[in-house]
1. Alpha carbon centre of region 297-372 versus region 656-680: separation in Å?
2. Among the aspartates and glutamates, which fall within straight-line cross-link reach of K121, defined as a Cα-Cα distance under 16 Å, with same-chain neighbours fewer than 8 residues apart omitted?
3. Counting only Cα, what are the radius of gyration and maximum Cα-Cα distance Dmax of region 733-776, in Å?
4. Which shape class applies to region 620-662: rounded if a/c is under 1.5, otherwise prolate when a/b exceeds b/c and oblate if not, where a ≥ b ≥ c are the square roots of the Cα gyration tensor eigenvalues?
5. How do T368, T790, T284 rank by accessible surface area computed with a 1.4 Å probe, from largest to smallest?
6. Using θ = phi - 60° and the Karplus curve 6.51 cos²θ - 1.76 cosθ + 1.60, what whole-Hz ³J(HN,Hα) does each residue of region 71-81 get, with Gly and Pro shown as x?
7. Report the Rg/Rh value for the chain, based on alpha-carbon coordinates and the Kirkwood definition of Rh.
8. Could you size up the charge dipole of the chain around its Cα centre, putting +1 on the beta carbon of Lys and Arg and -1 on that of Asp and Glu, and report it in debye to the nearest 20?
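The values are calculated or read from the model by the stated rules, or taken from the named source; none is laboratory data. The structure displayed is predicted, hence computed values, not measured ones. Cβ: placed from backbone, ideal geometry, glycine included. Neighbour counts: every protein chain shown. Keep in mind that these areas ignore ligands, DNA and RNA; they rest on the heavy atoms of the full protein, side chains included. Shrake-Rupley method; radii C 1.70, N 1.55, O 1.52, S 1.80 Å.
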Amino acid sequence: MALKREKKLILWFDEISIGDVPLVGGKNASLGEMYQKLTSKGVNIPGGFAITAYAYRYLIKEANIEEAIKDALAGLNTHDMGNLQERGERVRSIIRNTEFPPDLTDAILDGYGKMEQRYTKGVDVAVRSSATAEDLPDASFAGQQETFLNIREEDPLINACKRCFASLFTNRAISYRHDKGFGQFDVYLSIAIQKMIRSDKASAGVTFSIDTETGFKDAVFITASWGLGENVVKGAVNPDDYYVFKPTLKEGKRPIVGKRVGSKDIKMIYTDDPNEPTKDIKTTLEEKQSFTLTDDEILTLAKWTCIIEDHYEKPMDIEWAKDGAEGELFIVQARPETVHSQQSKKTIETYILKETGPVILTGQAVGTKIGQGLAHIIEDSAHIGEFKADEVLVTTMTDPDWEPIMKIASGIVTNKGGRTCHAAIISRELGVPCIIGTEHATEKLSTGQHITISCAQGETGYIYEGLLKFDIERLDLENIPKTKTKIMMNVGIPERAFMDGQIPNDGVGLAREEFIINSHIGIHPLALIHYDELKEKGKQDPEIKEIVKRIDEMTAGYPGDKKEFFINKLSQGIGRIAAGFYPNDVIVRLSDFKTNEYANLIGGHLYEPVESNPMIGWRGASRYYDEKFKEAFGLECKAILKARDEMGLTNIKVMVPFCRTPEEGKKVIDTMAEFGLIQGENALEFYVMCEIPSNVIVADRFADIFDGFSIGSNDLTQLTLGLDRDSDLVSHIFDERNDAVKAMVKQVIDVAKRRGIKIGICGQAPSDFPEFATFLVECGIDSISLIPDTVVKTRLAIAKKEEEMGVKADEG
């Protein structure tokens, strides 16, 4: 029976399982496995059948073309682009022009006929390659061969199958097999004939069960664009992207911790021409500016991604599509993720730019490395033979034909593409820094120009003029000692949280809202609250009209209530930080902009007073309960509430900055309660910044109303010493190690220990001065929060100090 099955020319998906890779290749085996095992769990998989690898071998034997293929490949040199291109084309031509044996043609058409009976006459199918060595743990064969979409009727189907078999010998596939140590006849090709999903009328994309940039395993990363998914896969569009946090998703929460609108300039749709069954058209302005998926659809895809990952017990790379006719989502293929799942997490490598220079343009960073060299612009794969090793490849987008030169590039820059496009996936696998979606790289850069590309500064990738100096630091995670004193981090950039959270830590002692508000929102909250009023005034006032225009541009994707833009963006930023460090505590400091800083936000000058000394003016706690700002503060509270309750990130604690008196603290706590943040509810704790001498002098009274203190050494130093830390004239006096400052610090730690409440420090001093950190340990502080770059060296110093004091890490 098994022998008979092994010699079948076609097998239906419900006859196939994951153990059938030798028979039907990785893609088909995975489709069959999911079709059999996961549809009962609610995962939608389109039906279809596989043309087997035996059918391919049967074709080669019956048509007697093996020797002709071997002759065409004789003298192959994969490092000579001309040689590779010539020999690849000869082999493909042999296979394309070979007639199928009649029984193979009959088997394929019989299978297609059954699909017509199930669906409709002339049913539209996808013809996808599935190699027998595809998606081995250390060899990503996916994408090496061709896919043909919207194939209808018998003759076009047979023609597509011929082209698909021929694509086993694309230039990139020949080169890839050679580089991975496979013989050219060691890999066979199966073909998937799969019912098309009408995503040309909706959307499609890719989802990963792991963060593609950092390897963070607790996030689902989804990309999406209008039309057929091919444009996302090959990088022809800059898609939307979304992040979902897996642990609380599995608890039934709605943890969408990231949403970004991509430009989505084109979409691929059907045509009625069997010779050109698909075409690209431009998207409308509304399509460009709107999200392709609803929150419910994002969460459904994330749940399916988790189901698939749990089934295979490994990180997965998945393609999905939405049927515009039926409104349903489908999974069209799944394969193992082949980059981060193979990397050891025993060490962390950090690239650090040591100098800066003029920024030529920016895009999305792929990976976290820095590369540099001479830019080389190549617009067409016909010219890849001109590329030299260690140059920076600059192009519109890549496809698998470009892989032979991608592996010798010092960096890659593209105009188009999202984080799951071909250029991104292959550059990650090769370990080459890559910046995608720059839009204008081929226009703004010049061949022969010295450039540095940095992917080491968060999600945004920077292309600098010149060859800038950079360092590489390697951290051995196996030799980091534990300490009794908690070592936490100061974090403000959500995009760094998934990476920073992998450094040994005890949570976040200071999560700043200011970066999120500045960089992800950029608009004064009162301008969003009073948007309709501003729009009306803008009819008469040109300045306000311009403000309204900028608000409309920045809130694309949020056509309704503009307040939701603020709440969603802030909750996602906070949520991403909390997710990166979950389940450890993440202490979120409420916004601490000064009036001049708030005024710099769009529309801010309409609502902010001019103060002569904003540093000690209307900032922190004094704003929150003030009727002039209270409704704006309410948006912050709703964002935190959403992150805690809707996303399930209850590791978030709240910290009140610049709280001058205990009475003011009570007013803030009462105001937060009005907006749903209730102390003690769902384990919510409120901390207060200890950064004003009054916080120390009456610390007992503050301890009556707050759950803990966090010392802000910057403001405490300036207010203890009576100086403006922004003034160059007195900056030489500013020193956290001053005896008066240290006396203040010790005094408040003593009060906290006596009262049995938590106390930590989140100021700059322990990051800058290791001796100040050891002083804090001597005082018995509970936690020290540091910038990520200094976490390891400070932990080592504290471990040494605790050892000298006879303190054990497991005490307390």
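1. Region 297-372 and region 656-680 have Cα centres spaced 40 Å from each other.
2. D110, E153, E154, D155, D272
3. Gyration radius and largest Cα-Cα distance of region 733-776: 10.9, 34 Å.
4. Working: a/c = 4.38, a/b = 1.62, b/c = 2.71.
It is oblate, given that a/c is not under 1.5 and a/b is not larger than b/c.
5. Values: T368 45, T790 15, T284 70 Å².
Ranked from most to least accessible, the order is T284, T368, T790.
6. With coefficients 6.51, -1.76 and 1.60, one gets 4, 5, 8, 4, x, 4, 10, 6, 8, 9, 4 Hz.
7. Numbers: Rg = 29.7 Å, Rh = 29.0 Å.
Rg/Rh for the chain comes to 1.02.
8. Dipole size: approximately 1000 debye.
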